[in-house]
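Working notes for the structure below.
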Amino acid sequence: MLKRLFPSPSLALYTARMFLVRTIAFLAGLAIILMTLDLLGESARILAVPGNGEAELWKYVSIRMPQIIALFLPFSVLLATLLTFMTLNQNSEITIFKAAGISAHQILAPLVIAGLGIAALNFVFNERVLVRANAEYDRWKAADYKPLSPENRTGREVWVRAGDDLWHASAVEGKGATTILRDVTIYNREHDRLVEIVRAEEAAPAERGWELSMARRFDVASGRLTTMSVLPYISPAQPQQFTTQGVNADHLPLWELVPAIRDLQEAGKPTDQLVAKLNHKFSGPLSAALMPLLGSVAAFGLARSGKLFLRAVSGLALGFAFFVADNFAMAMADFGTYPPWAAAWAPFLLFFLVGESLLFRTEE
């Protein structure tokens with residue numbers, strides 16, 4: 001199998017090394033230039049905050065650089081593919097490969113394997129580094145680059161609708177059966193008409209609903225206020241509805257996102273957008289393995305025909321068309337127009353078929 005895929009290991013290593021070196025060079029160049037421009041644009045806002053200085057600028061670079069790397073890695077792979085194939089074609093090396101009996105797919109195989117390696121590294125980078133950088137960057141920017149207090153993941157204000165009732169909790173702690181709601185207000189409604197308002201210092205899940213501590217019950221019709229230390233309250237509200245608020249797929253690694261989606265589904269909340277982003281965590285990095293196929297249009301054909309540049313532009317346009325289609329599909333998933341699986345995988349499969357069709361029609 002390996003002999004059929006790589007008839008010449010030396011040539012395979014030669015082309016893969018060319019591809020990887022150019023990918024790293026393009027990525028480093030793009031990242032440094034774009035990071036510099038971005039820092040110049042944001043440095044005035046960062047330094048405008050009293051107490052911010054050089055340390056905050058380096059902090060901005062540390063959390064912004066992973067985002068730039070993740071965004072432009074596929075573009076770097078595409079540009080490296082085109083430059084590698086143009087160089088091989090212009091030096092007639094593609095002709096030598098084919099004269100030695102190496103097929104178009106065998107020429108592409110080392111680059112595709114290298115692309116899979118880049119995709120694997122990209123996936124690990126996204127789940128280990130990028131998600132943390134995204135969360136830190138969004139929190140810091142939302143605070144206008146002011147100093148942030150340690151993030152409190154449990155103490156957060158939550159609104160929940162359970163049937164016709166509205167629940168408000170100033171803070172939520174715990175998970176599942178150990179969920180505790182602090183400073184709770186329940187607006188009991190029947191047929192969109194407010195019947196009573198119940199306030200409590202704490203609420204915990206019980207057998208048929210919730211157990212409220214230090215509760216005050218106000219009846220709207222009679223205007224009567226009742227106070228009790230413990231109030232069993234029957235309600236369809238589930239603990240998952242309070243503990244699954246504000247799930248952001250860009251801020252959670254895979255092993256945290258999957259349980260969060262499961263909790264949302266158990267709470268009866270829509271999850272299509274999160275499922276689409278979960279699948280895109282796999283299909284997105286795999287675009288690095290797709291770029292050699294889309295850029296192969298620049299590899300084949302005679303360099304002296306004068307159309308090498310035109311073929312390179314065609315490969316570049318094909319690669320950018322994939323990124324446009326991918327972003328469009330994910331946007332449609334956000335609106336609920338595309339099924340989650342189709343939004344994440346359809347552009348990849350479509351352009352894989354397009355690249356294979358072009359390759360077979362021109363070379364095989």
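Taken together, the values in this text are just the output of simple stated rules run on the coordinates, not laboratory data. A quick note: this is a predicted structure, and the numbers were derived from the prediction, not measured. FYI the Cβ positions are ideal-geometry reconstructions off the backbone, even for glycines, and counts take in every protein chain you see.
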Exercise for the section: Please report, to two decimal places, log10 I(q)/I(0) for region 27-176 at q = 0.16 Å⁻¹ as given by the Debye formula with identical point scatterers on the Cα atoms and no solvent. Expected result: -0.99
Fill in the blank from the handout: Rounded to the nearest 500, the 222 nm mean residue ellipticity computed for the chain from DSSP H runs (n ≥ 4, each -39500 (n - 2.57)) alone is -19500 deg cm²/dmol
Completion exercise
Convex hull around the C-alpha positions of the chain: the volume in Å³ per residue is 182 Å³
Exercise for the section: Order these peptides, 137-143, 95-101, 249-255, by their mean beta-carbon neighbour count within 10 angstrom, highest first. Expected result: 249-255, 137-143, 95-101
Completion exercise
Under the rule rounded for a/c under 1.5, else prolate if a/b exceeds b/c, else oblate, using alpha carbon gyration tensor axes a ≥ b ≥ c, region 10-70 is classed as prolate
Completion exercise
In the chain, helical segments from DSSP H whose Cα atoms cover 27 Å or more along their own axis and that average at least 0.5 on the Kyte-Doolittle scale are 9-47, 54-90, 104-125, 308-334, 340-362
Fill in the blank from the handout: Expected sort for 197-205, 159-167 on mean C-beta neighbours within 10 Å, highest first, is 197-205, 159-167
Problem - Longest to shortest principal axis, alpha-carbon extents of region 158-239, angstrom - result: 36, 26, 23
Completion exercise
Ranked from fewest to most other Cβ atoms within 10 Å of their own Cβ, PHE348, PHE123, PHE218 fall in the order PHE218, PHE123, PHE348
